[in-house]
Amino acid sequence: MAFLRTVNRCSVYKKYGSLFDHLQSSSFGKINVNQTVLKSSAASGIISENASQSQTVPQQQQPPKDPLDVSFEDHKAAFKSKTNLELIRAYVVYTLCSIEFLVDNNMKLMKLTKGILGEKLFILLMKSTFYGHFVAGEDQFKIRPVLERLRSFGVKPILDYSVEEDLSQEEAEKLEVEASVPEAGEPEIEGALKQYHVDKTFADRRYKVQSARTYFYLNEATCERNMETFIRCLEAIAENQDKCYFSLISGATYGTGITAIKLTALGRPQLLLQLSEVIMRARQYMTEIVGGEGNVLSHHISPEDLEKKFDKITDKESLRKFLKQVTYDRHGVLHLFPWSGIIDENQELSTTFRVPDLKSGRMIRLITQLSPKEEEMFRNMIRRMNTIVKAAQDMDVRIMVDAEQTYFQPAITRITLEFMRKYNKDKAIVFNTYQCYLRNALSEVTTDLEQAKRQNFYFGAKLVRGAYLEQERARAAAMGYPDPTNPNFDATTEMYHNTLSECLRRIKEFKIKGEDKKIAIMVASHNEDTVRFAIQKMKEFGIEPADKVICFGQLLAMCDYITFPLGQSGYSAYKYIPYGPVNEVLPYLSRRAHENKGVLKKIKKEKKLLAREILRRAVTGQWWYTPRGKYVPV
């Protein structure tokens, strides 16, 4: 199968094991090659050729590091990576994004333009404007110059293959409803939570969403192709990191790239809905038998005390099996269910999620009965995720699991944390995403940090404000469950800052104790105040950029005046890099246009800085400016 061939290609040691052995026995013996991954024959050839000369290689100069203007008004630092034509194009694109009629009708206008100009001229026009500005290229080969230029100016990539199906609302609704209902239908279950069931009104998950991509389930074969696409993203980053052979000579590092993935691309959404409902019902169950609220591990109940709660249960054999699968440590119960078994041992869901009912005295299910086909679909989803993460581990690339709607998120977070537990043993490879417009963001992050600490794995998190705010509010109001979002922008900012502060406080604790800093956080924000807050808090907690535990991320071609000055001043900075064929990324470009319309204040500043830099270059005679960066990403 194709995915198995892909995994074989990902096995770094198979390809380079002899090179590693040679390096360990050569004059490079002092270098810890276990921390350096080589992936190209070009890199291995250069090192082999120069290994005997390693003692005579002169000490390389330290890479440049600029002072950081935290007002983010330095137009020269912001755009030194761009040519003059790119600056002019950016100014034109942002001007067009300020015209309401063009933004509101952008998809219609793009299709009309394509019909008038024809395929070739339309592609040329898009590459000269919106596509050329917001998208890195058509495939993993054509984006290489963009990635190399970014790295030379201190910025690392987060790759995302941004091809989307151009579905009508009716098509999207039909696909989502079919993929969200169990084969047995929607039986009436006592204690069911309506939030975690499909509603046709909101079946098109693109509704009121401008800044996030949506995957719709077509079939299992499509999920396999999505998996292979994610692995090609990993390979593109790994190939771009071939330059790490310079690390062996100069002691420099080119940083670690990231691939963004969505779990809804890898399996049937019905399974995530059902798993999310199980998790939330398990929390309600703990509240009923123990009291208090929150995640299971937050109760800190001992297994002995938990067992005492079930004196009236008549089915002692089933109770014994239930208690045997409970996960606990010296601080108390961590999980009621064997999540590690679900990830590692392919346990069946239908037989796993059963709990003792205090009212009836018997065991009850928290999940509807799954068919053998649905059980197989879930195992396929987990297999795909495992294949991707294993490939990322082999290639020394990170995986960032995107957040999605609240009715999927409990399952997404649970699965992601289990893959952290499995793979984040020596460093953070898998990252989860937390949306701070949610009222429970801080409590969720705190609970997950606690799990990571108690189960001794590295915790990786991306903090964002969130992409589904309007949809979440509308769905909660229509379906009659509590609104999960914060009331306003200021409350979301406070939640973001409090959550980040909690992460930094825990990082400082590790640092004070002299232990490995087992927390890695990405501040993914286009908000200047939040970036400044993060920088200030890093200073207050004594956390240096060189500690490599805090990084910053923004979208390609958005807020360059934040990203590039950060990367050029020694902070770990990332750009989210979309790529794909022109015609297939039109929905992505449409969303970018809408998103820019919604942040006119940021566009106004970006245009002002662009104009200043264009003028500066014109006045100083830099009419044919060629970007040449010598920065090295942290």
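The values are calculated or read from the model by the stated rules, or taken from the named source; none is laboratory data. This structure is a prediction, so every number in the text was calculated from the model and none was measured. Don't worry about glycine lacking a Cβ; one is built from the backbone with ideal geometry, like all the others, and counts go over all protein chains shown.
Quick notes
- For the stretch 502-513, the count of residues that are of a type in the set (Val, Ile, Thr), surrounded by fewer than 21 Cβ atoms within 10 Å (Cβ to Cβ), touching a residue at least 60 places away in the same chain (Cβ under 8 Å) and assigned to a helix (DSSP H, G or I) is zero.
- Of all residues in the stretch 366-378 being touching a residue at least 40 places away in the same chain (Cβ under 8 Å) and crowded, with 16+ Cβ neighbours inside 10 Å, the one that is farthest from residue 180 (Cα to Cα): 366
- Among the residues of the stretch 367-418, those identified as of a type outside the set (Val, Ile, Thr), over 14 Å from residue 279 (Cα atoms), modelled with pLDDT of 95 or more and not in a helix (DSSP H, G or I) are 398, 400, 402, 403, 404, 405.
- Some residue of the stretch 273-281 being among the basic types (Lys, Arg), without any contact (Cβ under 8 Å) to a residue 60 or more places away in the chain and farther than 30 Å from residue 162 by Cβ: no
- Some residue of the stretch 192-199 being free of Cβ contacts under 8 Å to residues at least 40 places away in the same chain, outside any helix (DSSP H, G or I) and not hydrophobic (A, V, I, L, M, F, W, C): no
- Annotation note: Cβ proximity below 7 Å between a residue of the stretch 81-93 that is more than 13 Å from residue 134 (Cα to Cα) and a residue that is among the small types (Gly, Ala, Ser) (sequence gap 6+ or interchain) occurs for 81/629.
- Scanning the stretch 501-530 for residues that are of a type outside the set (D, E, K, R) and more than 29 Å from residue 595 (Cα to Cα) turns up 504, 507, 510, 512, 514, 519.
- Beta carbons closer than 8 Å, at least 6 apart along the sequence or on distinct chains, pair a first residue in the stretch 336-347 that is of a type in the set (Ser, Thr, Tyr) with a second that is part of a helix (DSSP H, G or I) for 340/418; 340/421; 340/422.
- The strands (runs of 3 or more DSSP E) found wholly in the stretch 315-356 and carrying at least 1 residues that are among the hydrophobic types (A, V, I, L, M, F, W, C), out of contact with any strand residue (DSSP E or B) (no Cβ under 6 Å at 6 or more places or on another chain) and under 19 Å from residue 277 (Cα atoms) occupy 354-356.
- Condition check for residue 195: under 29 Å from residue 479 (Cβ atoms), at pLDDT below 90 and surrounded by fewer than 21 Cβ atoms within 10 Å (Cβ to Cβ): no
Per-residue answers, yes or no, for (1) modelled with pLDDT of 90 or more; (2) touching a Leu at 6+ places or on another chain (Cβ under 7 Å); (3) loosely packed, with under 15 Cβ neighbours inside 10 Å:
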{"site": "144", "(1), (2), (3)": "yes, no, no"}
{"site": "149", "(1), (2), (3)": "yes, no, no"}
{"site": "154", "(1), (2), (3)": "yes, no, no"}
{"site": "159", "(1), (2), (3)": "yes, no, no"}
{"site": "164", "(1), (2), (3)": "no, no, no"}
{"site": "168", "(1), (2), (3)": "no, no, yes"}
{"site": "176", "(1), (2), (3)": "yes, no, no"}
{"site": "179", "(1), (2), (3)": "yes, no, no"}
{"site": "183", "(1), (2), (3)": "no, no, yes"}
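- The residues in the stretch 424-467 that are among the aromatic types (Phe, Trp, Tyr) and more than 17 Å from residue 411 (Cα to Cα) can be counted, and the count is 4.
- Members of the stretch 213-240 that are of a type in the set (Gly, Ala, Ser), under 21 Å from residue 271 (Cα atoms) and in contact (Cβ under 8 Å) with a residue 60 or more places away in the chain: none
- Selection within the stretch 263-309 - of a type in the set (S, T, N, Q) and farther than 26 Å from residue 231 by Cβ: 274, 276, 284, 287, 295, 298, 302
- Exclusive hit being touching a Gly at 6+ places or on another chain (Cβ under 8 Å), modelled with pLDDT of 90 or more and not hydrophobic (A, V, I, L, M, F, W, C), set 281, 320: 281
- Subset of the stretch 98-138 (residues that are in contact (Cβ under 8 Å) with a residue 40 or more places away in the chain, on the phi > 0 side of the Ramachandran plot and surrounded by fewer than 18 Cβ atoms within 10 Å (Cβ to Cβ)): none
- Scanning the stretch 477-501 for residues that are outside any helix (DSSP H, G or I) and crowded, with 16+ Cβ neighbours inside 10 Å gives 484, 485, 486.
- Inter-residue pairs, beta-carbon under 7 Å, first on the phi > 0 side of the Ramachandran plot and in the stretch 546-572, second aromatic (Phe, Trp, Tyr), 6+ apart: 557/134
- Scanning the stretch 420-476 for residues that are surrounded by fewer than 20 Cβ atoms within 10 Å (Cβ to Cβ), out of contact with any Gly (no Cβ under 9 Å at 6 or more places or on another chain) and among the β-branched types (Val, Ile, Thr) turns up just one, 446.
- Residue in the stretch 204-223 that is of a type outside the set (S, T, N, Q) and part of a strand (DSSP E or B) present: no
- Filtered by the rule that a residue be out of contact with any Lys or Arg (no Cβ under 7 Å at 6 or more places or on another chain) and within 25 Å of residue 550 (Cα to Cα), the stretch 482-499 gives 489, 490, 491, 493, 494, 495, 497, 498, 499.
- Picking from residues in the stretch 298-340 that are more than 21 Å from residue 416 (Cα to Cα) and aromatic (Phe, Trp, Tyr), the one that is farthest from the chain's Cα centre (by Cα) is 310.
- Residue selected from the stretch 290-315 under the condition touching a helix residue (DSSP H, G or I) at 6+ places or on another chain (Cβ under 8 Å) and among the β-branched types (Val, Ile, Thr), by the criterion surrounded by the most Cβ atoms within 10 Å (Cβ to Cβ): 296
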